[in-house]
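> Starting off with a structure, shown below.
The values are calculated or read from the model by the stated rules, or taken from the named source; none is laboratory data. From a predicted model like this one, the values you see are computed outputs, not experimental measurements. Here the Cβ positions follow ideal geometry from the backbone for every residue, glycine too, while neighbour counts run over all protein chains shown.
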Amino acid sequence: MGFDEAAFTTRCEAWFVAHCEPLDPERHDPPGLIPYTTVDHDAPLRAARAHQRGLWAAGLAGLCMPREFGGQGLPPAADAAFNRVAAGYAVPSMIPLSVGLSLAAPTIAEFGSDAMRTEHIPRIFAADDVWCQLFSEPDAGSDLASLRAAADRVAGGYVVTGQKVWTSFAQHSAYGLLLARTTRSEAKHRGLSLFAVPMHLPGMRIRPLKEMTGGTHFNEVFFDDVFVPEECLLGAEGEGWTVAMFTLGNERNLTMQRTRPKWKRLAELARRSGVAADPVVRARLTDIAMREEMQRWNAMRSPAVPASMGKLMGAQLEQLASTTAADLLGAAAMAHEVGDTATEAAVHWFLGARANSIAGGTDEVQRNILAERVLGLPRMG
């Protein structure tokens, strides 16, 4: 039986009507859906899990994942229909679950064993397990291939030593995608392997990093002779770079997915600040609206458009929009009433936006990728 897109769309609409608040065209941040506050930095994770669990219970999670892996086994048209409906409703930020939903699940489906697929994928879609990404190190961020964390072969598995950093939501995660060096004699990207590891093995230590937002989104993770069973290996030993590039391709595509228009949120903020008629403000909002529309159209062209383009466009847009929000707030960005959640959210947005130009590969790395691999320009140096 073929896929009935109209019936599926109706089913999605019924669920969102019952569980989510419609987006007001003039106000795109309804009360209770502020991304972060200075009071409760873990609220986004709780909200994301509750939302995802509702989708899972309704059979609306893992839409295009094969049934044998724990998904719904639907065609890509189902995902497109779901996103069209979801765009009209206020939903929590799903960033706290994004590593599991958008990175771990596809990677396990592509490279994991049948046992790993059966164990992990349904729990990811049901929001039972939060995942993190153990890639970056103090001396290996944008130059990921220079990482030093070692996974030495022993009977039944590997012993891991080293350090990871900038690991989002590590303190809340049950599992992590760990990229480590299994062959020291190989140069750079050769000799790396990727593992799906439990986050509370003996010898692992997680230390949250306090950010200027006041939150602890990022963490350091230390491995002190941690035994990782061989069944945690994703793909073949020594082929971790290939697996990691598959994972990172999904990460960079995250920025190409449609989100609620930022310019409308900023327009509301401009009205609150009494500057909505200012021609300079209107010009900035127009610029942001145009960039968002270009990003949306580029996303629709995927996979013709490289993921690095979406990543770069998204990071630049995030900084421009968040800086505009801080400018519109004026002095209130530095001093405002406790409990003014709209202002708190805008300030948090501004303070946290720089991370978008670093996480998943810096803007400079994305430009190099586009220059060398798309435009065919010679390598520098």
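> Just one of the numbered conditions (1) in a helix (DSSP H, G or I); (2) touching a residue at least 12 places away in the same chain (Cβ under 8 Å) is not true of Ala80; which one?
Condition (2) is where Ala80 drops out.
> Looking for whichever is within 13 Å of Ser308 (Cα to Cα) and either assigned to a helix (DSSP H, G or I) or in contact with a Leu (Cβ under 6 Å, 6 or more places away or on another chain) (or both) here; the options are Val365, Val347. Which one fits?
On the way: Val347 fails: within 13 Å of Ser308 (Cα to Cα).
Going through Val365, Val347 in turn, just one is within 13 Å of Ser308 (Cα to Cα) and either assigned to a helix (DSSP H, G or I) or in contact with a Leu (Cβ under 6 Å, 6 or more places away or on another chain) (or both): Val365.
> Could you tell me whether the stretch 63-73 includes any residue that is of a type in the set (S, T, N, Q), over 16 Å from Gly240 (Cα atoms) and part of a helix (DSSP H, G or I)?
Applying the first criterion (of a type in the set (S, T, N, Q)) to the stretch 63-73 yields 72.
From the residues that got through so far, the ones that are over 16 Å from Gly240 (Cα atoms) too are 72.
Filter once more, keeping what is part of a helix (DSSP H, G or I): none.
No, there is no match, as no residue in the stretch 63-73 is of a type in the set (S, T, N, Q), over 16 Å from Gly240 (Cα atoms) and part of a helix (DSSP H, G or I).
> Okay, next question. Could you figure out which of (1) in the same structural domain as Thr10 (by TED's automatic domain parsing); (2) at negative phi isn't true of Glu137?
(1)
> In addition: Given the conditions (1) free of Cβ contacts under 8 Å to residues at least 60 places away in the same chain; (2) assigned to a loop (DSSP other than H, G, I, E, B), which single one is not true for Pro44?
(2)
> Would you tally the residues in the stretch 138-166 being buried (at least 16 other Cβ atoms within 10 Å of the Cβ) and either of a type in the set (D, E, K, R) or without any contact (Cβ under 8 Å) to a residue 12 or more places away in the chain (or both)?
The total comes to 2.
> Could you give me the residue pairs with C-beta distances under 6 Å whose first residue belongs to the stretch 88-102 and is farther than 15 Å from Leu55 by Cα, whose second residue is modelled with pLDDT of 85 or more and in a loop (DSSP other than H, G, I, E, B) wherever it lies, and which are 6+ apart or on separate chains?
Pro96/Phe169
> Going by the structure shown, is Arg67 surrounded by fewer than 17 Cβ atoms within 10 Å (Cβ to Cβ), among the charged types (D, E, K, R) and without any contact (Cβ under 8 Å) to a residue 60 or more places away in the chain?
Judged against the criteria, Arg67 is a match.
> Now a separate question. Looking at Ala353, Ala359, Ala276, which one is assigned to a loop (DSSP other than H, G, I, E, B) and buried (at least 17 other Cβ atoms within 10 Å of the Cβ)?
Just one listed residue meets the conditions, Ala359.
> Does Thr183 satisfy being part of a loop (DSSP other than H, G, I, E, B) and out of contact with any helix residue (DSSP H, G or I) (no Cβ under 6 Å at 6 or more places or on another chain)?
yes
To keep it simple, each residue is scored yes or no on (1) touching a residue at least 60 places away in the same chain (Cβ under 8 Å); (2) surrounded by 15 or more Cβ atoms within 10 Å (Cβ to Cβ); (3) not in a loop (DSSP other than H, G, I, E, B).
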| position | (1), (2), (3) |
| --- | --- |
| Ser168 | yes, yes, no |
| Leu178 | no, yes, yes |
| Pro202 | no, no, no |
| Ile206 | no, yes, yes |
| Thr213 | yes, yes, no |
| Phe223 | yes, yes, yes |
| Val228 | yes, yes, yes |
| Ala236 | no, no, no |
| Val243 | yes, yes, yes |
